[in-house]
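The values are calculated or read from the model by the stated rules, or taken from the named source; none is laboratory data. The shown structure was predicted, so the numbers you read here are calculated from the model rather than taken from an experiment. Reconstructed Cβ throughout: ideal geometry from the backbone, glycine too, with neighbour counts over all protein chains shown.
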Amino acid sequence: MFFSNTRSVAMGKRPVQKRLLNFSFKALAAALPAAVLYFELSKRDNLGEIAATFWLQVGDANAWWLIGAVILLPFNWLAEVQKWQPLVVRTEPMTQWKALQAVLAGMSFALFTPNRVGEYGARILFVRPENQWKALLANLVGSMSQYLVLLTSGILGGLWFAGRVFAWDTFWQAGLLVLSALPLAALFYLFFNIRLLVPLARRIPFLKRLPSYLRDVHFLEKIERAALTNILVWSVVRYAIYSTQYVLLLHFFGVSVGFLAGYAGVATIYLLQTVVPLPALAGLLVRGSLAVFAWSHFGANEISSLSATFVLWIINLILPALLGTFSLVSVNITKSLGYDD
């Protein structure tokens, strides 16, 4: 009788503990993006100048550039959904609406982790535990595709930028392009033959010690080249969208740069920022410094360069991260981690 009562008490405590864990997780997920925004705003000495510049440009009838950048925001999300959701549905049903919720939730977690790896963990919370490893692999494939596009655009834009700003000789530009083309070609080959990674992964001692469903990387073997091509196309679309947003904001803040020079400068900034593994918050500081350096060669002052970078950060990361906290409300964290209700 005593053991029966003890067992009943223990079972009664479990739902309370699970509810507390769920509540704590969601409260933390809601508080952190707001805390990041407060921290970033409070430590900026030039925030008043950025705000004054922003309202001045709105008053000068430049608002259409800003409106264009904001209008492109949901298309940025949808492009990311189109990269991830078609692979996830191979293992379990997932509507585009649910995939969008997962993408937004991932942006909340991306704020605090190097190279935004935290978004992987947030997305798989929307997938059943037995399929989370495959959803993670799907995310890695999408990320690999996006990095290929970023590297390709960054190298081309960087070489054009170097020739335009530093007057690099055509010979050096061509030589660096050839040298860059070889590793890029190898990466593209690996991407379109991603199934070759499966036998290599199965030989890694670390993976052999993992549970069987984690070692089951045959999911990669089932991704056809047509599907990989589709992912790459959507990666190009997404890159074009957020690059265009940046160029539009440069014009909004009065930076007199041509569209070709603007895209080349943006590509260079994104490339240089990506090679350094920093959290998204620190990435803003690095990107701001790079922006001041890049756009100063086109006559832009420091405040205009920083303003365009800061507003893009608000639009593309903070706003989605805040929306992502609402999508986490529907997540049962204990169930997502593999515990029964």
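Computed quantities for the displayed model
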quantity: Residue match in the range 220-238 (condition: surrounded by 12 or more Cβ atoms within 10 Å (Cβ to Cβ), assigned to a loop (DSSP other than H, G, I, E, B), modelled with pLDDT under 85 and among the acidic types (D, E)); calculated: no
quantity: Unmet criterion (only one of (1) surrounded by 21 or more Cβ atoms within 10 Å (Cβ to Cβ); (2) modelled with pLDDT of 80 or more; (3) under 30 Å from L28 (Cβ atoms)) for A110; calculated: (2)
quantity: Residue within the range 66-85 that is of a type in the set (G, A, S), surrounded by 15 or more Cβ atoms within 10 Å (Cβ to Cβ), within 19 Å of A240 (Cα to Cα) and over 19 Å from the mean Cα position of the chain (by Cα) present; calculated: yes
quantity: Selected residue [out of contact with any Lys or Arg (no Cβ under 6 Å at 6 or more places or on another chain) and at pLDDT 85 or above] from L250, L290; calculated: L250
quantity: Hits in the range 129-170 - residues which are surrounded by fewer than 18 Cβ atoms within 10 Å (Cβ to Cβ) and more than 25 Å from the chain's Cα centre (by Cα); calculated: A162, G163, R164, V165, F166, A167, W168, D169, T170
quantity: Failed condition for L187, given (1) part of a helix (DSSP H, G or I); (2) over 23 Å from H218 (Cα atoms); calculated: (2)
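Quick grid of which residues meet (1) closer than 24 Å to W133 by Cα; (2) in a loop (DSSP other than H, G, I, E, B); (3) at pLDDT 85 or above:
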{"position": "S24", "(1), (2), (3)": "no, no, no"}
{"position": "A30", "(1), (2), (3)": "no, no, no"}
{"position": "I67", "(1), (2), (3)": "no, no, yes"}
{"position": "W77", "(1), (2), (3)": "yes, no, yes"}
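Residue-by-condition table, conditions (1) touching a Leu at 6+ places or on another chain (Cβ under 6 Å); (2) under 26 Å from L271 (Cβ atoms):
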residue	(1), (2)
A102	no, no
E119	no, yes
L125	no, no
E130	no, no
F166	no, yes
Q173	yes, yes
